[in-house]
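This report refers to the structure that appears directly beneath it.
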Amino acid sequence: MWLQKTIVLKSRSRGFHLVTEELLAQIPEIRRIQVGLAHFFIQHTSASLTLNENADPSVRRDLETHLRQLVPDGAAHYVHRLEGPDDMPAHIKASLLGAAVSIPIGGGGLQLGTWQGIYLGEHRDHGGPRSVVATLNGETF
Amino acid sequence: MWLQKTIVLKSRSRGFHLVTEELLAQIPEIRRIQVGLAHFFIQHTSASLTLNENADPSVRRDLETHLRQLVPDGAAHYVHRLEGPDDMPAHIKASLLGAAVSIPIGGGGLQLGTWQGIYLGEHRDHGGPRSVVATLNGETF
Amino acid sequence: MWLQKTIVLKSRSRGFHLVTEELLAQIPEIRRIQVGLAHFFIQHTSASLTLNENADPSVRRDLETHLRQLVPDGAAHYVHRLEGPDDMPAHIKASLLGAAVSIPIGGGGLQLGTWQGIYLGEHRDHGGPRSVVATLNGETF
């Protein structure tokens, strides 16, 4: 079976946010899939999806701090500056982290490891709501 | 339906290049797919595929400039030097950016966001033509 | 056809390791697939899967050296420190490199380029065995 749905994630502050439950709540049909894959795709170039630790919030904070250091706001060499000092670094982070995560489905649920969760990386100061296309494919029970 | 095709991207200069149209021109069969996924996979370890802004060319230029700073040519700590100062950084960038992009198909086309395009990252000074395996999978109309 | 199997990769030292053969040995069923996709997913947040050069071991060494420089152990700004100086950088590398690789299947085998292999990125000093979920999907001969 195939299922495709666009999920709008509510507006969030800059940084990394755990969105596993918010995404799963929109795709209850996953329970029908015995084996398959779930693909989550963010339709933006200044935000990202990535997998990381689902427990201690300090991991999300440190990830943001470190990325701000690797890709600073308003670096002198940016030519693309029209939309503000947070725009070009947001594009760079989007490519370093990626627009999509693809996760195995088994037994009607995501086969995440114990400590894995889905992060939304919001790389703009005021990014607004973000659209994620969820595509599920697999064999039903 | 499944479709797989190897697409040869013409030789390009070092940097990031928008290749969405060049890839789509080779897979007209996508129009038959109502819901599915398109997977583009570059068969090289010194080039990459990533998604980013499809409008202002300065985004592509700044992405290249910033990556050259994060992963400099001929860094003193590289042991792998035989193929020139641009070779080892090309391998590192290939892993940071990734060899594949996977994009939802809906209604016979790629479900990219308004500002998203597919970039070829050419990380060698003289990389030559690059092979991309396109694999489409989905339900037909 | 769909096939899903959890593969346990044996414990390895910190750094990058070529695991293509170890993974393929566990999925002989791939020979039955004419066209499809193979998805390998690591169920951890301090290790990664990536594609890179399968020949010269110095590429794996330089990749590790350079990532240790981009994401140093025990950086002053890390708040998440409880599990040791190698823990937070391991999480950051996991997101930069990614938890999954998706590779086209054609003619009963992985359609990797001549020089491509699958790397396990072990980012902890003592990471232990690592679980990888392999999901194959495609049309059989």
ask   = Along the range A:79-87, what does the Karplus equation 6.51 cos²θ - 1.76 cosθ + 1.60 (θ = phi - 60°) give for ³J(HN,Hα), rounded to whole Hz, x for Gly and Pro?
value = 8, 7, 10, 3, 8, x, x, 8, 7
task = Excluding residues on the same chain fewer than 8 positions from B:LYS93, give the lysines whose Cα lies under 17 Å from its Cα.
result = A:LYS93, C:LYS93
query = In peptide B:125-135, how many Cβ atoms from other protein chains are near each Cβ within 10 Å, on average?
reply = 2
message = 7 Å from Cα along Cα→Cβ at both A:ARG81 and A:SER58: what's the point-to-point distance in nm?
response = 3.8
inquiry  = If I model a spin label at B:LYS10 and A:VAL8 as a point 7 Å from the Cα along the Cα→Cβ vector, what separation in nanometres do I get?
reply    = 4.2
message = Before we go on, tell me the buried accessible area for the A/C pair, both chains summed, 1.4 Å probe, in Å² to the nearest 100.
response = 2400
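When a/c reaches 1.5 or more, the comparison of a/b and b/c decides; with that in mind, is the protein assembly as shown rounded, prolate or oblate per its Cα gyration tensor?
On the way: a/c = 1.18, a/b = 1.18, b/c = 1.00.
Judged from the Cα gyration tensor, the protein assembly as shown comes out rounded (a/c under 1.5).
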remark   = Under the Karplus relation with 6.51, -1.76 and 1.60 and θ = phi - 60°, whole-Hz ³J(HN,Hα) for the range C:16-30, x at Gly and Pro, equal 9, 9, 7, 10, 3, 5, 4, 6, 4, 4, 8, 10, x, 4, 4
query = From the label point of C:GLY74, set 7 Å from Cα along Cα→Cβ, how far away are the matching label points in the other copies, in nm, ordered shortest to longest?
reply = 3.4, 3.4
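In whole percent, how big is the carbon plus sulfur part of the accessible area of the protein assembly as shown, probe 1.4 Å, protein atoms only? Mind showing how you got there, number by number?
Numbers: 7790 of 15420 Å².
Of all accessible area on the protein assembly as shown, carbon and sulfur atoms account for 51 percent.
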ask   = Taking +1 at the Cβ of each Lys and Arg and -1 at the Cβ of each Asp and Glu, which of B:SER48, B:ILE92, B:THR135 sits farthest along the dipole of chain B towards its positive end, judged by Cα position relative to the Cα centre?
value = B:THR135
ask   = Each residue of the range C:96-101 in turn: what ³J(HN,Hα) in whole Hz from Karplus with 6.51, -1.76, 1.60 and θ = phi - 60°, glycine and Pro shown as x?
value = 5, 9, x, 8, 9, 10
request  = List the distances, in nm and shortest first, from the label point of C:GLY109 to the matching label points in every other copy, placing each point 7 Å from Cα along the Cα-to-Cβ direction.
outcome  = 3.9, 3.9
task = Between copies, how far apart are the B:ARG31 label points? List them in nm, one decimal, shortest first, with each point 7 Å from Cα toward Cβ, please?
result = 4.1, 4.1
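The values are calculated or read from the model by the stated rules, or taken from the named source; none is laboratory data. Model, not experiment: these values are computed from the prediction. With ideal geometry, Cβ positions are generated from the backbone for all residues, glycine too; neighbour counts draw on all protein chains shown. Heavy atoms of the whole protein, side chains included, go into the accessibility calculation; ligands, DNA and RNA do not. Shrake-Rupley method; radii C 1.70, N 1.55, O 1.52, S 1.80 Å.
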